[in-house]
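K.L.:
Here it is, the structure in full.
The values are calculated or read from the model by the stated rules, or taken from the named source; none is laboratory data. Source: prediction; values computed, not measured. A quick note on method: Cβ atoms are made from the backbone with ideal geometry, for glycine too, and the neighbour counts reach across all protein chains shown. All accessible areas refer to the heavy atoms of the entire protein, side chains included, with ligands and DNA or RNA removed. Shrake-Rupley method; radii C 1.70, N 1.55, O 1.52, S 1.80 Å.
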Amino acid sequence: VVSAALRFSPLRDPLWGDEAVTYGRHGMAPLKELLFYYLDPNQHTLFSIISNFCISLFGENELWFRFPAFLAGVLALPLFYRLGTYFFDSKSVSLLAACLLVFSKPHLSYSYNGRGYTLTFILVLILVLSVTNVVRKANVIGWGVLLVFSGFFLVLTLPTNAFFLAGAAGYGFALKWEMERRHPAGFLIGLSQILIPFSML
C-alpha cells in the first residue's frame with residue numbers, strides 16, 4: 001500500500017525526456033510495427049504494447065500511458081520478498097530488503113516513468129525465481145514454462161535484456177552444481193532440466 005501510494009501521485013505529471021520520445025514515436029503504433037520493426041533505443045516494445053492497450057481502453061492521458069510501469073513496480077515488491085526467502089532463508093531479512101526497495105529512488109522513478117525498466121525488473125525476478133524452482137525440482141514443468149515465457153517477454157521488453165538470459169543460465173548451472181557437486185550423475189541429469197527451457201529461448 002505504501003509502495004503504491006508513493007508511486008501513484010506522479011503518474012499524472014506531464015511527460016518528459018525519453019518517455020515523451022517513447023510516446024511520440026510509439027504511442028498507438030500498430031502491433032506489427034512494434035513487434036517487427038525495432039526503430040531505436042526508445043522502443044520498449046512490451047511496455048508500448050501494454051501501454052497502448054491501456055490507452056485504447058481507458059483514454060489517452062499520462063496515467064494510462066505510464067500504468068504498466070507503475071503496476072510492474074508495485075507487483076515487483078512481493079516477488080522481491082519471495083525471491084529473498086530463497087536467497088537468505090530468512091523472512092525478516094527478505095522483508096527488510098523489500099522495505100528498502102519500497103523507498104529506492106531509482107525504483108521509485110522507474111515506476112512512474114513511461115518506459116520498460118520496471119517490466120525488466122519484474123521479469124528478471126520471475127526468471128530467477130523460475131530457474132531456482134526448476135533447479136530445486138519444484139514443479140519442473142510449470143516453472144520451466146514460466147521460465148520460457150518470462151525470458152521471451154524480457155527480451156521483448158528490450159532486446160539487450162538477452163544478456164540476463166545468459167546470466168540466469170549461469171546462475172542455474174552454479175546453483176545445480178552447489179546442490180549436486182558430490183553427485184556428478186545427479187548434476188548431469190539436472191542440467192537437462194535447465195538446458196531444455198534455455199534451448200527453447
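K.L.:
For Glu33 and Phe8, compute 0.36 nm times the residue count separating them, minus their Cα-Cα distance, and round to one decimal in nm.
P.N.:
Length difference between fully extended and current span is 6.0 nm.
K.L.:
Restricting attention to region 79-180, which trypsin sites (Lys or Arg not before Pro) occupy a DSSP loop and are surrounded by at most 12 other Cβ atoms within 10 Å?
P.N.:
Counting only loop positions with at most 12 other Cβ atoms within 10 Å, the trypsin sites (Lys or Arg not before Pro) in region 79-180 are Lys137.
K.L.:
How about region 18-76: which GluC sites (Glu not before Pro) there lie in a loop by DSSP and see at most 13 other Cβ atoms within 10 Å?
P.N.:
Taking region 18-76 and a limit of 13 other Cβ atoms within 10 Å, the loop GluC sites (Glu not before Pro) found are Glu60.
K.L.:
Would you mind calculating the relative contact order of the chain from Cα pairs under 8 angstrom and at least 6 residues apart, reporting the percent as a whole number?
P.N.:
So the answer I get is 20 percent.
K.L.:
While we're here: On a 0 to 90 degree scale, rounded to 10, what angle separates helix 91-102 from the longest Cα axis of the chain?
P.N.:
Between helix and principal axis, roughly 20 degrees.
K.L.:
Which order do Cys54, Cys99 take by accessible area at a 1.4 Å probe, largest first?
P.N.:
Solvent-accessible surface, decreasing: Cys99, Cys54.
K.L.:
Let me ask something else. Run the accessible area of region 43-150 with a 1.4 Å probe and give the carbon-and-sulfur part as a rounded percent. Could the numbers behind the result be given before it?
P.N.:
On the way: 3500 of 4860 Å².
Looking at region 43-150 in its full context, I get 72 percent from C and S.
K.L.:
With the chain treated as a Gaussian network of Cα nodes joined by springs under 10 Å, which of Ile55, Ile189, Ile122 yields the largest mean-square fluctuation?
P.N.:
Greatest mean-square fluctuation among the candidates belongs to Ile189.
K.L.:
Now for a different question. Over region 6-61, with a single point scatterer placed on each C-alpha, what log10 of the ratio I(q)/I(0) does the Debye formula yield at q = 0.15, 0.19, 0.22, 0.29 1/Å?
P.N.:
Per q value, in the given order, log10 I(q)/I(0) is -0.44, -0.69, -0.89, -1.28.
K.L.:
So, one more: Under 19 Å Cα-Cα from Lys137, which aspartates and glutamates qualify once same-chain neighbours fewer than 8 residues away are excluded?
P.N.:
Leaving aside aspartates and glutamates fewer than 8 places away in the same chain, those within reach of Lys137 are Asp89, Glu178, Glu180.
K.L.:
For region 1-88, state which chymotrypsin sites (Phe, Trp or Tyr not before Pro) are in a DSSP loop and have at most 15 other beta carbons lying within 10 Å of their beta carbon.
P.N.:
Trp16, Tyr37, Tyr38
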